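Contents: one structure, followed by commentary.
The values are calculated or read from the model by the stated rules, or taken from the named source; none is laboratory data. Bear in mind the structure is a predicted one, so any value in this text is a computation, not a measurement. Cβ atoms come from the backbone with ideal geometry, glycine included; neighbour counts cover every protein chain shown.
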Amino acid sequence: MSGAAKFLAQHGQAAVVRMDSVRGSSPREEGTWMLVAAGACYGTIGGGQLEYMAIDEARALLAKQGEIKVLDIPLGPEIGQCCGGRVKLTVEQVDDAIRFELIEAELAERQAYPDIYMFGAGHVGRALSEAFALLPVHPIVVDTRAEELALIDDEIDKRLTPVPEDVARNAAPGSAFIILTHDHSLDFLIACEALVRGDAAYVGMIGSKTKRATFDSWCRKSSELKVSPSKLVCPIGVSLNRDKRPEVIAAFVAAEVMAALAPPKNNNMGAEKERREREKTHD
C-alpha cells in the first residue's frame, strides 16, 4: 500500500493541495502535491509560510465542506519567504476520483524509481541500504551469503545468488551499481559487467587508490575485456570524507549516487530563465 493510500485510509476526510504552476524560484516544483487532514499531513509543498498558509486553507475548506480554492501567492516579504518566485496552488477535498488518481500517481512514480544495486551485505552494504531506503530510489542488496542478507531490513529488496555478476548483467538500463563484496576478484567481475553495459548511471567500487590501480591494470592486461575503467568511481564517497565508519561512508556514497542520477541542467540557461521570471513577478 502506498503512503497516500495509508494516509487516506487513516483519515476520514482530507484535502489535496497541488502546486499547479511555478514562476521563478520556489521551494518545490510544479506538480507537487500534499494531503491535509484535520490533525495530520502527508507530503510537503516545501515548508515555510507557504505551506502553513496552504494547510490553514485546506483545513478551513474541510471544515466548511467548501469548493475548490485557487491561491496565487508571491514568495516574497508579504509571506515571510524570500524565494522570489510565484506559485499558484489549488486546494480541494479528496473524493473517490481524486483518491484513485493520487494513489495511482504515487505508485507510478515509485515504479519509475531507479534501481540501486549494492553488491555486498556487509557493514557498509547494510548502512547503504538504510540510507537509500529513505530516498526516492529502489535499493537492492545482492550477496552470495544468506547469513549476511538476513541482517538487511526485511523491507529492502534482497537477492541471494552464487553469481552476482549475472545480476549486474541483467539489470535495467540506467541502474546504479555499488560494489563492496568480501572478495576483490568478485568485485572486479561485477565492475566489468556493470561497465561493459554502457548505460549505467553510476558504477562505484569500494577500496583504495591501490585497488583502483590494480583494477585498471587488470583491464589493460585482459584482451577479452572491452571495458573503460575511466567510468569507474573508486574509491567511492571520498571527495570530502575521510571517515571510515560505515554510516558516514554510506552518507557520502548516497549523495554521490544521487548526484549521478540527477538530470543534467544547463546552469546558464536556468539562471537566465529564473532572472526573467523574477522580473515578471515585479512588473
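What number of residues within segment 109-122 satisfy the criterion of being at pLDDT 95 or above and outside any loop (DSSP other than H, G, I, E, B)?
Qualifying residue count, segment 109-122: 5.
Is there any pair linking a residue in segment 101-112 that is among the charged types (D, E, K, R) to one that is in a helix (DSSP H, G or I), with Cβ under 7 Å and at least six apart or on different chains, and which?
Matching pairs, first to second residue: Glu106/Gly3; Glu106/Ala4.
Among the residues of segment 1-43, what is the count of those that are touching a Ser or Thr at 6+ places or on another chain (Cβ under 8 Å), free of Cβ contacts under 8 Å to residues at least 40 places away in the same chain and surrounded by fewer than 17 Cβ atoms within 10 Å (Cβ to Cβ)?
The qualifying residues number 1.
Which condition from (1) among the acidic types (Asp, Glu); (2) farther than 30 Å from Gly3 by Cβ; (3) touching a Leu at 6+ places or on another chain (Cβ under 9 Å) is the one that Asp143 breaks?
Just one mismatch for Asp143, condition (2).
Taking segment 85-121, which residues are surrounded by fewer than 18 Cβ atoms within 10 Å (Cβ to Cβ) and farther than 22 Å from Phe7 by Cα?
Lys88, Asp115
So, of the residues in segment 234-283 that are within 20 Å of the chain's Cα centre (by Cα) and in a loop (DSSP other than H, G, I, E, B), which turns out to be modelled with the lowest pLDDT?
Checked segment 234-283; the qualifying residue modelled with the lowest pLDDT is Lys265.
Any idea which of (1) outside any helix (DSSP H, G or I); (2) acidic (Asp, Glu); (3) assigned by TED's automatic domain parsing to the domain that holds Gly12 is the one Glu101 doesn't satisfy?
The one condition Glu101 does not meet is (1).
Quick check on Lys244: is it under 28 Å from Leu134 (Cα atoms), assigned by TED's automatic domain parsing to the domain that holds Ser129 and surrounded by fewer than 18 Cβ atoms within 10 Å (Cβ to Cβ)?
Yes; evaluated as a whole, the condition is true for this residue.
Within segment 1-42, how many residues turn out to be more than 24 Å from Pro136 (Cβ to Cβ) and in a loop (DSSP other than H, G, I, E, B)?
Residues that pass the stated criteria total 5.
Quick one: is Glu106 of a type in the set (Asp, Glu) and closer than 30 Å to Leu149 by Cβ?
Judged against the criteria, Glu106 is a match.
Go over the candidates Asp115, Asp96 one by one and state the one that is more than 29 Å from Ala201 (Cβ to Cβ) and of a type outside the set (Gly, Ala, Ser).
Every option except Asp96 fails the conditions.
Among (1) of a type outside the set (S, T, N, Q); (2) within 15 Å of Val91 (Cβ to Cβ); (3) not in a loop (DSSP other than H, G, I, E, B), where does Ile45 come up short?
(3)
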